[in-house]
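What follows is one structure encoded as structure tokens, with my remarks underneath.
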Amino acid sequence: MEATRKKFDWKEFIINNNTFIILLLLVIVSAFLSDTFLTTMNLRNILLQQAGPILVAIGLLFVILAGGIDLSVGSIMAVGATVSAILITDLGMHFSVSIGVALIIGLAFGLFSGILVAYAGIQGFVATLATMTIARGVAFVLTEGRPVKVEAGTISTLVSKDFMYPIIWITILLIIVFTIVHRYTGYGRKVIAIGSNETALKLAGVRTKQYIMSTYALSGALAALAGVFVAARSSTGSATVGTGQELDAIAAVVIGGASLMGGRGFVLNTVAGALILGLIGNIMNLMAVPSYPQDIIKGVIIIAAVLLQIATSKRDRTI
Amino acid sequence: MEATRKKFDWKEFIINNNTFIILLLLVIVSAFLSDTFLTTMNLRNILLQQAGPILVAIGLLFVILAGGIDLSVGSIMAVGATVSAILITDLGMHFSVSIGVALIIGLAFGLFSGILVAYAGIQGFVATLATMTIARGVAFVLTEGRPVKVEAGTISTLVSKDFMYPIIWITILLIIVFTIVHRYTGYGRKVIAIGSNETALKLAGVRTKQYIMSTYALSGALAALAGVFVAARSSTGSATVGTGQELDAIAAVVIGGASLMGGRGFVLNTVAGALILGLIGNIMNLMAVPSYPQDIIKGVIIIAAVLLQIATSKRDRTI
Amino acid sequence: MTPEYIVEMNHISKHFGGVKALQDVHLNVKRGEIHALIGENGAGKSTLMKILAGAYPKDEGTILIDGAEATTATPRAMLDMGVSVIYQEFMLAPDLTVAENIFIDHMQQGLFINWKDLKRRAKEQLQKIGFGNIDPGKKVGELSVAYQQIVEICKCLAKDSKVLVFDEPTAVLTHSETEKLLELIVKLKQEGVTILYISHRLEELFAISDKITVLKDGKYVDTVETASITKEQLVTMMVGREIEQLFPERNAEIGEEILRVENLAAGDLVEDVSFSLRKGEVLGFSGLVGSGRTETMRAIFGADKKSSGKVRYFGEEVNFRSPKQAIRKGIGLLPEDRKTQGLLLKQPIRYNATLVSRQGNGFINHKKEQQEVRELLARIATKYGSTEDNADSLSGGNQQKVALAKWLAVDTKVIILDEPTRGVDVGAKTEIYRIINELAESGVGVIIISSEMAEIIGVCDRAIVMREGRVTGEVPKENLTENHLIKLAMGV
Amino acid sequence: GDTEGGGSAEGGKDGEKQLEVGFALKTQDSPYFVSLADKVEKYAKEQGWKVTILDAGGDVQKEAANMETFIAQGKDLIFLDAIEPDAVVPSIDSAAEAGIPVINLDSGVAEEANDVTTVYSDNRQNGRLVGLEYAKKMGDEEIKAIVLSGAKGNVAGYERRTGLFAGIIEGKLGVSEDEAWKLAEEFESALSSKGKATNEEAKFSVVGQGWGNWTEEEGLKAAEDLITANSDLTTALGENDQMLFGAMTALDNAGIKDVDIVAAADGAVDAFDRIKEGGYFATGLNSPTLVAEKGIEIAKEILVDGKDPESYEEVTLTEPAAITKENVEEYYDLGF
Ligand SMILES: Nc1ncnc2c1ncn2[C@@H]1O[C@H](COP(=O)(O)OP(=O)(O)OP(=O)(O)O)[C@@H](O)[C@H]1O
Ligand SMILES: Nc1ncnc2c1ncn2[C@@H]1O[C@H](COP(=O)(O)OP(=O)(O)OP(=O)(O)O)[C@@H](O)[C@H]1O
Ligand SMILES: [Mg+2]
Ligand SMILES: [Mg+2]
């Protein structure tokens, strides 16, 4: 109800939206660099490709908000992909049930990390490094190293054109849900508060351990879902799914402006961060940039994006 | 000059030496599990295999002590391996010169990360993630993706039996040097202090940025040397060297009891941490544990080791 | 029948490693009284309160709230029993807004948070205690320390507790805010809330408390009616000896001018500051919280950028771009917040004490260093276990001494002390004043920023008063009175 | 019996010493290698030998460690599937020094290595044969292709794609094999430095290279981007079958038809089925069964029959072949 009308503050606007501005810049540059970039087909591909990474990054965001880190997401993707495939193929389950089971198993792996961190007091980096190794091992043991082919018309429904590409809609829905959870629920705010000052919350009588544990569980479940997406896209559940995805996901969260110290970060910015990373790969492929320099360029763009982040949010110098 | 003689405090002793005790336990168990474990040949193999990982972990320890993290070590190993090989093969350099150049280039990559972190204010995780990508790309570009064969009798001198396996001696020497640097020099003291409270140190007149940068440079140089070791052992410089080594190195540092928050950690414990990880691999090989369950077992042992760490160093519960 | 005591703590013991923080301590508080808790730094006051709050488990003893024994002493359980604590170290989440922090454990009433409503409720709470000017939508990390303290208080008040514990709430507040807070506490008492109050500022205790319990070295000394005791008697109970003079005499010779600041501007706040400092002089800086004293000194010291103005040091114009340059020239600064800026809490006391003196990267002789540190700490009568214990094992006052010790280990010509006695007990305070005197007597120019006017008056040769980033007055020793200082600070 | 997993080579008390062999495998993350390991294990057991398999997970250092473990345990013979041809030489030589013969399976190693022989299906020749078949099919038509590669820095992958290029160029231009290899290497080199490569005369161009990590899902992703940028392509080349399966899905999704799927070498049963159906042009024969059979046969000659390990040729090739619709039935049982 404030009557004063403020002049539009450009600086403030840029600071608050720097991730989105970087994304926009990248889209514009890409559109100039390649004719095919803005085609429906390419944009749809990007969405289909990035749906999984976006979910993984969102799950990770919550872990990071609470001051943790999760390296196991890539491996849990593999568990999600292989479990859902095996249940359909070997046990003849309906694909929706198999997805449910895969999510629960992903959640269980997350819980495992969460218990190690919250209750056993192991540093998140190490606990999830261990879970990462274990989950990958489990995926390989389950499939005996052979990709499990899934019958068409089951899990592939998730990417079916006839149903308007469900995974895109699921992802958009989850983005909305988690934006709300982050901003409008006590859960979201407590997770942020824990990353900001855990002791304060404990002393306010909040069972912080449960919350910390829950973020890992959430991250595990979303990673498993991302794995299911991969399985759906290739109609195959393979134990190699998601290799290295953890680093991309962390990069996405940071490019989205979150602090790895916890307490600061937003869902939509994280989504933008994941898309930025995805776009970099996409445009280099479209332009047929030679493969070996691709890594170098990707590294440089990550640095540039983060520097832009920092430059547009710079506060006064203090020691 | 305190005159009081204390009774030997077992509890204190265990707390202070828990990493070494875990290592010892593992050695004893391994000796029981496998006859070949305690053979000279196997022990020598372990030393030759772990020389590189130990150096990488020590470099990383300094970064971590100062409150940072370095994901680029694995890729810098690849740069070290390929550069040293190419200089000998393509430019006909003497191998000692080529090693020197490789170290300098490794150091330069470390400096690059260090500048990004200390001066540009990028979070260490992301800066080194970018460097990791870039360094790997550089290694691929340099070799055009194909391993570079090095003539026998050059770089392989480093692992020659006739010279009593120089890399083992170099590693032991460096362990001693860095133990002294950590414990008995102002440099080591400052690195630890930065990890505890950088602001306090700045206000005490220390140019903390230089020190932070230097830890990354050190880590880069040691990683390159570890890469040279790999090249020496295989007489080949390959761009795929060191893939995933960063995670093992971080695990080694943490199993060695260091805190990823900075300020706490010891060189010898880190060495023990690296050896623990190495032994786990070695004994599973000796026992021919199938490769998929190996991952699972490795994860479980990491957790067990860290839990033992925590259990033997438990302080009073406080919030 | 309601029991006589609302809080009954009996035979409480607690140790941290080898340190016996509390031994067989009693604390009995009647309903509706303001009960003060006093003792030297490290006497165990905060520990006792943390045990009451369920933050620390006790080794032994019983706690009864309103006659009911607290068997499961977790923060949640104690909150449910009606005990809230405003901690000495702020317990806020800096990344969340004021409103969220105030209602941290009950943000939403329905499924979702109603931000408008949350902010409105927070505003109401803030207004209730007279700080309606704090924006409930602002992040706590962006507030000044004083305002953070207010939020912390507000957060506990929002819980409708039966028992409220204030652990040194005024250490970071200035005069006017302290007044407001004390008024509020009295009002709460009238509303039937029982108050436990900890402070090192004796005049506050005498102003509001009904009873005082004294702790010393982790042991219970006595509980007395405030009305029946004098300040001197109380100090003697606390310290175990008489303190003749809070502010010891100084015989420093004030010499030539060594530092001159002209029209200094820095940051958003400091606009036009000029003053000079002489050899052997103790110069006070007074003013309200946020008046820009800290920022002025940081700019001089090279910790922040100057935007304009000149600094002359021994007649020569200097422009320090980093603390290192200032330190090289012989200027030292003790920052106002020892926890975040002054100490390496998780490192040995020894490392802290040699933080400035050990600038080189060469070899360290640990034995020699230990000896040096022991001598240094003995000089300023620091209480500690071993030089190898971590700094966070020390009590507040002794932490402050260790932070100060690092400057005593080097030769300084000018030393700036920002709130040097914040949270320090009377006994330790006199010792710090003694150290200040020694420094001045040896020819060092000393600048003291203090929000305690008594301190400015008692210790300084001259005082500068600041308000909103400008110097509003310079007061010579003979004119140093509270009245005068307040007028200049408030701009009336 | 505490010899379970231990290092003891003793069999029964009076019985003959049980032979122990080790297999140092480069990775076990795809069906080919899983199948190779299974076959080696199976055939060795049929001989009554004890087999230990150690997997390097694609890590050169781990591979060296695995070799060292076998040497320390005093295995009677080591099978090796090397990650890199040069990097593994010191390990092979120290095995030889310890009197342990090493037989390379599936991957070639540098010539100077002191091994018995290398049993493999020649990646280069397989690629070339497939390339030749494909050139024959295309005749004078232009080939505009994308190529799906496995992992950066992988030697087998390099050999396979270069082989494909050589075969196509040789078939289209009718030059000698040597000449074709030279042109193919130039072509590869252009591809790796510019991201595209063309041989005008042969009317053959590669418009983009994607990295599929040998897997279907990553092959799909890489192919999607490449297809989008080049919707008028005629051919998807690949270094194995799995990645090309991904490419087929991508093509399907994009509604692009009539693109030929050409794999340099592999031999998944799945691929054979698709070749039969006609949706898949060809793949090179890389049969784990053949490699394992031949390897065990040589091992038996050395260990049991006492044949001189030095007497073997540098390489023992299993038959390379381009498997197309015409001959797929013949090879079907060798698939995996
Ligand atoms: N978490 C802890 N770990 C170790 N020792 C502690 C801890 N907390 C307090 N102590 C020790 O317990 C004793 C009592 O400390 P406490 O903080 O209760 O003193 P205090 O009376 O509140 O002092 P101050 O007036 O300085 O706040 C001190 O010796 C202190 O060093
Ligand atoms: N790091 C910071 N972040 C945000 N605001 C700050 C910071 N440091 C100081 N401020 C603000 O600048 C103002 C001036 O602070 P400064 O500490 O210089 O004042 P002061 O007169 O020294 O008061 P105090 O008694 O609190 O030390 C305060 O209102 C505070 O809110
Ligand atoms: Mg206290
Ligand atoms: Mg201040």
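The values are calculated or read from the model by the stated rules, or taken from the named source; none is laboratory data. No experiment lies behind these values; they were computed from the predicted model shown. Backbone-built Cβ (ideal geometry, glycine too); neighbour counts: all protein chains shown. The area values use the complete protein model at the heavy-atom level, side chains included, leaving out ligands, DNA and RNA. Shrake-Rupley method; radii C 1.70, N 1.55, O 1.52, S 1.80 Å.
Quantify how much of the Cα-Cα distance distribution of segment B:50-242 extends past 25 Å, in percent.
Numbers: 6397 of 18528 pairs.
The answer is 35 percent, as a whole percent.
Just to be sure I understand the rule: take each whole DSSP H helix in chain B, project its Cα atoms onto its long axis, keep it if the span is 20 Å or more and its mean Kyte-Doolittle hydropathy is at least -0.5. Which ones pass?
Flagged H segments are B:18-33, B:40-65, B:73-89, B:95-118, B:124-143, B:166-184, B:208-234, B:267-286, B:291-311.
Can you tell me the 0 to 90 degree angle between the C-alpha axis of helix D:288-303 and the longest principal axis of chain D, rounded to 10?
30 degrees
Going by Cα centres, segment C:382-408 and segment C:71-89 are how many Å apart?
About 29 Å separates the Cα centre of segment C:382-408 from the one of segment C:71-89.
Which of D:66, D:230, D:240 moves most in a GNM of chain D, Cα contacts under 10 Å?
D:230
Just how far, in whole angstrom, is segment C:265-284 from segment D:28-70 if you go by their alpha carbon centroids?
When both Cα centres are located, 76 Å separates them.
Computed on protein heavy atoms with a 1.4 Å probe, what is the summed buried accessible area for the chain pair A and B, in Å² to the nearest 100?
Adding both sides of the contact gives about 3700 Å².
With everything on Cα atoms, drop me the angle between helix C:175-190 and the longest principal axis of chain C, reported from 0 to 90° to the nearest 10.
Its long axis makes an angle of about 10 degrees.
Can you give the net charge of the other residues whose Cβ lies under 14 Å from the Cβ of residue A:113, counting K and R as +1 and D and E as -1? Present the calculation step by step, with values, prior to reporting the outcome.
Values: positive: A:136, A:209; negative: A:70, A:246.
Neighbour charge sum, excluding residue A:113 itself: 0.
Looking at the protein assembly as shown only, what percent of DSSP beta bridges run antiparallel? Nearest 5 please.
Counting only bridges with both partners in the protein assembly as shown, antiparallel ones make up about 40 percent.
Run the quick spin-label model on residue C:186 and residue C:366: label points 7 Å from Cα toward the beta carbon, then report their separation in nm to one decimal.
Going by the 7 Å Cα→Cβ label model, 5.7 nm.
Nearest 20 debye, what's the magnitude of the dipole of segment A:50-242 about its Cα centre given +1 on Lys and Arg Cβ and -1 on Asp and Glu Cβ?
On the way: 11 positive and 6 negative charges, 91 e Å.
It comes to approximately 440 debye.
Taking a threshold of 18 Å on the Cα-Cα distance, which of the pairs C:30/C:159; C:189/C:211; D:144/D:257; A:202/C:155 fall above it?
From the list (C:30/C:159; C:189/C:211; D:144/D:257; A:202/C:155), the Cα-Cα distance tops 18 Å for C:30/C:159.
Nm distances between the label at residue B:29 and the same-position labels in the remaining copies, 7 Å along Cα→Cβ, shortest first?
5.0
For segment B:195-319, just say rounded, prolate or oblate: build the C-alpha gyration tensor, square-root its eigenvalues into a ≥ b ≥ c, call rounded for a/c under 1.5, and beyond that prolate if a/b exceeds b/c, oblate if not.
Values: a/c = 3.11, a/b = 1.25, b/c = 2.49.
Cα axes put segment B:195-319 in the oblate bin.
May I ask you to find the residues of segment B:32-54 that are shielded by at least 30 Å² of accessible area once the whole protein assembly is considered instead of their isolated chain (probe 1.4 Å)?
B:35, B:36, B:41, B:45, B:49
If one takes the accessible area of chain C alone plus chain B alone and subtracts that of the pair, with a 1.4 Å probe, what total in Å², rounded to the nearest 100, results?
Numbers: alone 21700 and 16490 Å², together 35490 Å².
For chain C against chain B, roughly 2700 Å² becomes buried.
What FRET efficiency comes out for the pair residue D:97/residue C:310, r = Cβ-Cβ distance, R0 = 56 Å, nearest 0.05?
Details: r = 78 Å, r/R0 = 1.39.
So, using R0 = 56 Å, E works out to roughly 0.10.
For chain C, what's the relative contact order in percent, using C-alpha pairs closer than 8 Å and at least 6 residues apart?
After rounding, I find 16 percent.
Label-to-label distances across copies for residue B:44, with labels 7 Å out along Cα→Cβ, in nm, shortest first?
6.4
Connecting C-alpha atoms closer than 10 Å in a GNM of chain B, tell me which of B:219, B:75, B:30 has the biggest fluctuation.
Taking springs between Cα atoms under 10 Å, the residue moving most is B:30.
Determine the calculated [θ] at 222 nm for the protein assembly as shown from helices alone, applying -39500 (n - 2.57) to every DSSP H run no shorter than 4 residues and normalising by the residue count; nearest 500 deg cm²/dmol.
For the protein assembly as shown, the value works out to -17000 deg cm²/dmol.
Quick check on chain C: take the gyration tensor over C-alpha atoms, sort the square-rooted eigenvalues as a ≥ b ≥ c, and tell me if it's rounded (a/c under 1.5), prolate or oblate.
Working: a/c = 1.71, a/b = 1.39, b/c = 1.23.
Prolate is the answer for chain C, as a/c is 1.5 or above and a/b outweighs b/c.
What nm distances, shortest first, do you get from the label point of residue A:13 to those in the other copies when the point sits 7 angstrom along Cα to Cβ?
7.1
Given an 8 Å cut-off on Cα distances and at least 6 residues of separation, report the relative contact order of chain B as a percent.
In percent, rounded to a whole number, it is 34.
Please give, to one decimal in nm, the separation of the simple spin-label points placed at residue C:69 and residue D:332, each 7 Å out from Cα toward the Cβ.
Each label point is offset 7 Å from its Cα along the Cβ direction, giving 8.3 nm.
Roughly speaking, what is the centre-to-centre gap between segment C:183-247 and segment A:174-193 when only Cα atoms are used, to the nearest Å?
Segment C:183-247 and segment A:174-193 have Cα centres spaced 45 Å from each other.
Specify the residue with the greatest mean-square fluctuation among B:60, B:158, B:25, computed from a Gaussian network of chain B linking alpha-carbon atoms under 10 Å apart.
Per the Cα network of chain B with a 10 Å cutoff, B:25 tops the list.
Can you figure out the FRET efficiency of residue B:97 with residue B:12, using R₀ = 56 Å and their beta-carbon distance, to the nearest 0.05?
0.70
Picking from D:31, D:198, D:19, whose Cα lies most toward the positive end of the charge dipole for chain D (charges on Cβ: Lys, Arg +1; Asp, Glu -1)?
Farthest towards the positive pole: D:198.
Does anyone have the angle between helix C:115-128 and the longest principal axis of chain C? Alpha-carbon axes, 0 to 90°, nearest 10?
Between helix and principal axis, roughly 80 degrees.
Could you give the alpha-carbon Rg of the protein assembly as shown over 2.2 N^0.38 Å, rounded to two decimals?
On the way: Rg = 35.8 Å, N = 1466, 2.2 N^0.38 = 35.1 Å.
Cα Rg divided by the expected 2.2 N^0.38 Å: 1.02.
Ignoring any ligand, DNA or RNA, what whole percent of the accessible area of segment A:50-242 comes from carbon and sulfur when the probe is 1.4 angstrom?
Exposed carbon and sulfur together represent 68 percent of the surface.
Read phi for every residue in segment D:59-68 and hand back ³J(HN,Hα) as whole Hz from Karplus 6.51 cos²θ - 1.76 cosθ + 1.60, θ = phi - 60°, with x for Gly and Pro.
These are the phi-based 3J(HN,Hα) values: 9, 4, 5, 5, 4, 4, 4, 4, 4, 4 Hz.
With r defined as the distance between the Cβ atoms of residue A:199 and residue D:201 and R0 fixed at 56 Å, what FRET efficiency is calculated, to the nearest 0.05? Write down the numbers at each step before the final one.
Working: r = 74 Å, r/R0 = 1.32.
The computed FRET efficiency comes out at 0.15.
Over chain D, calculate the relative contact order: mean separation of alpha carbon pairs under 8 Å at least 6 apart, over the residue count, as a percent.
This gives 17 percent for chain D.
How big is the A/D interface in buried accessible area, both sides summed, 1.4 Å probe, to the nearest 100 Å²?
Numbers: alone 16470 and 14620 Å², together 28360 Å².
Looking at A and D, the buried total is near 2700 Å².
Using the heavy atoms of the protein chains and a 1.4 angstrom probe, tell me the accessible area per residue for segment A:139-218 in square angstrom.
Heavy-atom accessible area per residue stands at 43 Å².
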